[in-house]
Each structure stands twice: as C-alpha cells, then as structure tokens.
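Comments concern the structure below.
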Amino acid sequence: MNVHEKISYLEFPSRDIAVTKTFFSSVFGWSFVDYGPDYISFSNEGLKGGFYKSDLAASTEQGSVLVVFYSKTLEKTLVKIQAAGGSVVKPIFPFPGGRRFHFADPNGNEYAVWSDV
C-alpha cells in the first residue's frame, strides 16, 4: 500500500547484481525480481526496494543513509553475514536501547544490525 508522503521505496548501488542476490538471499532469505541485467527489486522485507548496477558503494563515511536491520540474535546474524561474504565495519557495541554492529555487503555497501537483547 502506498501511503501519502511516507517512504515508499529504497534503491541501493550494486557492483555485482548476482553477488547481491546471493548475499541477501542467504543471510536474510530475500527473494528478488529481475528487471534486466542491471536492476533487481525486493519486497516484503520491511519495505520495498531495489539494487541498481553501479561502481559506487554507500557508506556512512561518505555521508550515506544507514539502513539498520533488527535481529533477535545479534551474534548469529553476524556469523551469517560473514559466512556469506560480508565484512564487519564496526564490531558489536552497546548503545542506549541495545547493541549493534555495522557491516558491509560484498559490494561494499554499509548497513547495521541492532538488537534490544
């Protein structure tokens, strides 16, 4: 459902669309719809979005928005990310309300995962 003046869709850069699909499918169980060789979309993952072919990557060091996932089992999610080819950018640290870590997907895009336990 589209809601007036609310965030509706996010798009992320991807150096390698196939690697992106493999990573997010194996870590988070996402499925994708292909729109040619340079674009894929996802839905039912908290919100809708897509990945477009680009040589750039999103990171907080460069002022990018930070997408934050929630996990009931922070350490298990971290292990899945590393097993799928992601890397830890900031190890687990406490913050008011819980703990979190930052990671980069195999294309270099930075994300975070937080937990309240």
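The values are calculated or read from the model by the stated rules, or taken from the named source; none is laboratory data. This one's a predicted model, so the numbers in the text were calculated from it and none came from an experiment. Note that each Cβ is placed from the backbone with ideal geometry, even for glycine, and that neighbours are counted across all protein chains shown.
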Review point. For region 44-78, what are the residues that are surrounded by 12 or more Cβ atoms within 10 Å (Cβ to Cβ) and of a type in the set (A, V, I, L, M, F, W, C)?
Key: Leu47, Phe51, Leu56, Ala57, Ala58, Val67, Phe69, Leu74, Leu78
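How many of the residues in region 95-110 are touching a residue at least 40 places away in the same chain (Cβ under 8 Å) and in a loop (DSSP other than H, G, I, E, B)?
As a first pass, look at region 95-110 and keep what is touching a residue at least 40 places away in the same chain (Cβ under 8 Å): 102, 104-110.
Imposing the further condition that a residue be in a loop (DSSP other than H, G, I, E, B) reduces the set to 105-109.
Of the residues in region 95-110, 5 are touching a residue at least 40 places away in the same chain (Cβ under 8 Å) and in a loop (DSSP other than H, G, I, E, B).
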Check your understanding: So which residues in region 1-17 are out of contact with any strand residue (DSSP E or B) (no Cβ under 6 Å at 6 or more places or on another chain), farther than 9 Å from Lys53 by Cα and surrounded by 10 or more Cβ atoms within 10 Å (Cβ to Cβ)?
Key -> Ser8
Study note, to complete from the structure: Going through (1) farther than 16 Å from Val113 by Cβ; (2) touching a Pro at 6+ places or on another chain (Cβ under 9 Å); (3) not aromatic (Phe, Trp, Tyr) one by one, Val33 fails only at (2)
Study note, to complete from the structure: Residue count, region 10-60, condition without any contact (Cβ under 8 Å) to a residue 40 or more places away in the chain and either of a type in the set (Ser, Thr, Tyr) or in contact with a Cys (Cβ under 8 Å, 6 or more places away or on another chain) (or both), comes to 6
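If we keep just the residues of region 61-94 that are of a type in the set (Phe, Trp, Tyr) and in contact (Cβ under 8 Å) with a residue 12 or more places away in the chain, which is nearest to Glu11 (Cα to Cα)? Let's see the steps before the verdict.
Our first condition is that a residue be of a type in the set (Phe, Trp, Tyr); within region 61-94, this holds for 69-70, 93.
Now drop any that are not in contact (Cβ under 8 Å) with a residue 12 or more places away in the chain, which leaves 69-70.
On the way: Phe69: 16, Tyr70: 19 Å.
Step by step, filter region 61-94, then rank; the result is Phe69.
For region 74-84, which residues satisfy the criterion of being out of contact with any helix residue (DSSP H, G or I) (no Cβ under 6 Å at 6 or more places or on another chain) and within 22 Å of Thr22 (Cβ to Cβ)?
Listed by number, the residues that qualify are Lys76, Thr77, Leu78, Val79, Gln82, Ala83.
Please work out if Val88 is surrounded by 12 or more Cβ atoms within 10 Å (Cβ to Cβ) and not in a helix (DSSP H, G or I). Walk me through how you get there before you give the answer.
Details: surrounded by 12 or more Cβ atoms within 10 Å (Cβ to Cβ): yes; not in a helix (DSSP H, G or I): yes.
In short, yes.
Looking only at region 37-62, count how many residues are in a loop (DSSP other than H, G, I, E, B) and either modelled with pLDDT of 95 or more or on the phi < 0 side of the Ramachandran plot (or both).
Quick first cut of region 37-62, residues in a loop (DSSP other than H, G, I, E, B) only: 37-38, 43-47, 54-59.
Keeping just the survivors that are either modelled with pLDDT of 95 or more or on the phi < 0 side of the Ramachandran plot (or both) gives 37-38, 43, 45, 47, 54-59.
Counting residues in region 37-62 that are in a loop (DSSP other than H, G, I, E, B) and either modelled with pLDDT of 95 or more or on the phi < 0 side of the Ramachandran plot (or both) gives 11.
Against the definition (part of a helix (DSSP H, G or I) and either closer than 25 Å to Ser8 by Cα or without any contact (Cβ under 8 Å) to a residue 12 or more places away in the chain (or both)), how does Val113 come out, yes or no? Show your work before the answer.
Values: part of a helix (DSSP H, G or I): no; either closer than 25 Å to Ser8 by Cα or without any contact (Cβ under 8 Å) to a residue 12 or more places away in the chain (or both): yes.
Answer is no for this residue.
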